[in-house]
Structure formats: C-alpha cells, structure tokens
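Worksheet for the structure shown next.
The values are calculated or read from the model by the stated rules, or taken from the named source; none is laboratory data. Predicted model, so just to flag it, every value in this text is computed and none were measured. Cβ atoms come from the backbone with ideal geometry, glycine included; neighbour counts cover every protein chain shown.
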C-alpha cells in the first residue's frame, strides 16, 4: 500500500521561479526510499513541499494524517523552556499516545542513545549531536506509519548512526516506511530499497540500484552512478 505520494509537484519560495520541478515519487508500506543529491539540489525543498511548508507549490501530495508521520529535521527544533523529558511528554499529549507505552519506549530510547542522565536538562545546553538524538527519540517514540528524515547523520557519532539505522529497520519490519534525504551515498546504498536522485530541483534518475546502473551505464557503486549522471547533466 502506498503511504506517501507526490505527483508532478513544482514550486518555490516565490511566484517568480520554481525551485523544484515536476517531482513525482512514492513510498510504500515497509519501504525505505533514499532522496539523494548534492548540497543545494532541492532535497530539503521537496521535503518542505511534502510538509506544506513551501510558500508556492503545485501538484498533488498524499500523506497519512499528522499523527501518523514523524519528521526528523536536519536542524533540530525544540522549545527552549522545556526539558528533554518534557518534550516527550508534550509529544505524547499532542499525539494522544498511551502514557505507559510511551514512557516505556522513551526510557528504552534514552538509554540506547545515552541521554538518560540529561533527561531533565534543557536541550539548549546540548551539543548538536545530542539535540539531533532528541529529534530521533521523539520520532521513534511516536512509532508512526511514515518517517520523513532530512540529513539524519549530521552531528551523530558512529554508534548513534548504527543505532538509528537498526531502530528504523525494526520499524520497517512492522510496516512503517522511510523517506530519507541524504548526500551520504555509501550509507544510502546499503539501506535503501529504491532511490530518487535529484539535481537542480529535478529528478535525474530513480529506481533500484540496478535501475540506476542501467540508466547511468555504470556497473559500479551508487556514488559511481551518480557521478556519471551528474557529469552527463553538465555536458
């Protein structure tokens, strides 16, 4: 079953010029889709369009209800006057999650990501990596149908990266799906089922790794294929 669907979505930050052009993509139950491209390719803009944060957009977007998807942003967003645990409590209250189940899940994730000792501290005093872990814990605690993740690995230590990937894989096994934007192609190649490669706000290739290899004419890694496709675009 398709959980997320974008059809011919174009738009930008003003009416004068589009930043993304006729973007069409979908994510099915249990699937991990990698939204890939260099810095400035339009990945974050596509996510803003999905979340209805892009001022000007056209096309059709189908998402589950707000309580059924979670967004992990590239730059952590939090309330300055709430502690880490108060963020979890606030999320639970807004989404209507069961208190006992939420507490048990959150306690497990705090221990996994080594934040138990700072549960009553304010995130303003955290490092970038710790703030990112808070965003991850909030999303994973909610157990939504869909995870929308923008550059999740920035600021994370190797153990936290591995723990995040393991938890998301477990979520996929229960049927959740993931849309992940990243420019870390070697990691994406190992974990994603399909890929959408973007440059200058336009999709330049999509499909499985075998599809991308056929389209690029390169029988190599995802990075090799992307490099070839980028070179063709510049010629």
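Does residue 29 qualify as being more than 16 Å from residue 58 (Cβ to Cβ) and surrounded by fewer than 21 Cβ atoms within 10 Å (Cβ to Cβ)? Spelling it out, residue 29 is indeed more than 16 Å from residue 58 (Cβ to Cβ) and surrounded by fewer than 21 Cβ atoms within 10 Å (Cβ to Cβ). State whether the residues of region 212-228 include one that is more than 28 Å from residue 172 (Cα to Cα), without any contact (Cβ under 8 Å) to a residue 12 or more places away in the chain, buried (at least 16 other Cβ atoms within 10 Å of the Cβ) and over 18 Å from the mean Cα position of the chain (by Cα). There is at least one residue in region 212-228 that is more than 28 Å from residue 172 (Cα to Cα), without any contact (Cβ under 8 Å) to a residue 12 or more places away in the chain, buried (at least 16 other Cβ atoms within 10 Å of the Cβ) and over 18 Å from the mean Cα position of the chain (by Cα). Tell me whether region 87-103 contains one or more residues that are assigned to a helix (DSSP H, G or I), in contact with a strand residue (DSSP E or B) (Cβ under 7 Å, 6 or more places away or on another chain) and under 19 Å from residue 140 (Cβ atoms). No, every residue in region 87-103 fails to be assigned to a helix (DSSP H, G or I), in contact with a strand residue (DSSP E or B) (Cβ under 7 Å, 6 or more places away or on another chain) and under 19 Å from residue 140 (Cβ atoms).
I'm trying to understand the selection: among the residues of region 63-84, which are out of contact with any helix residue (DSSP H, G or I) (no Cβ under 8 Å at 6 or more places or on another chain) and in a helix (DSSP H, G or I)? Correct list: 66, 68.
With the condition kept exactly as written, say whether any residue in region 55-62 is in contact with a helix residue (DSSP H, G or I) (Cβ under 9 Å, 6 or more places away or on another chain) and under 28 Å from residue 228 (Cα atoms). Taking every residue of region 55-62 in turn, none turns out to be in contact with a helix residue (DSSP H, G or I) (Cβ under 9 Å, 6 or more places away or on another chain) and under 28 Å from residue 228 (Cα atoms). Residues being closer than 30 Å to residue 127 by Cα, at pLDDT 95 or above and buried (at least 17 other Cβ atoms within 10 Å of the Cβ) are represented in region 191-208 by at least one member.
Residue check: residue 53 meets all listed conditions (1) assigned by TED's automatic domain parsing to the domain that holds residue 10; (2) in contact (Cβ under 8 Å) with a residue 24 or more places away in the chain; (3) surrounded by fewer than 16 Cβ atoms within 10 Å (Cβ to Cβ); (4) at negative phi but one, namely (2). Residues in region 67-81 that are within 20 Å of residue 104 (Cα to Cα) and surrounded by fewer than 16 Cβ atoms within 10 Å (Cβ to Cβ): 2 in all. Looking at region 132-145, is at least one residue over 28 Å from residue 101 (Cβ atoms), in a loop (DSSP other than H, G, I, E, B) and in contact with a strand residue (DSSP E or B) (Cβ under 7 Å, 6 or more places away or on another chain)? Within region 132-145, not a single residue is over 28 Å from residue 101 (Cβ atoms), in a loop (DSSP other than H, G, I, E, B) and in contact with a strand residue (DSSP E or B) (Cβ under 7 Å, 6 or more places away or on another chain).
Checking the structure you have, find out if any residue of region 121-131 is exposed (fewer than 14 other Cβ atoms within 10 Å of the Cβ) and part of a loop (DSSP other than H, G, I, E, B). Scanning region 121-131, I find at least one residue that is exposed (fewer than 14 other Cβ atoms within 10 Å of the Cβ) and part of a loop (DSSP other than H, G, I, E, B), so the answer is yes.
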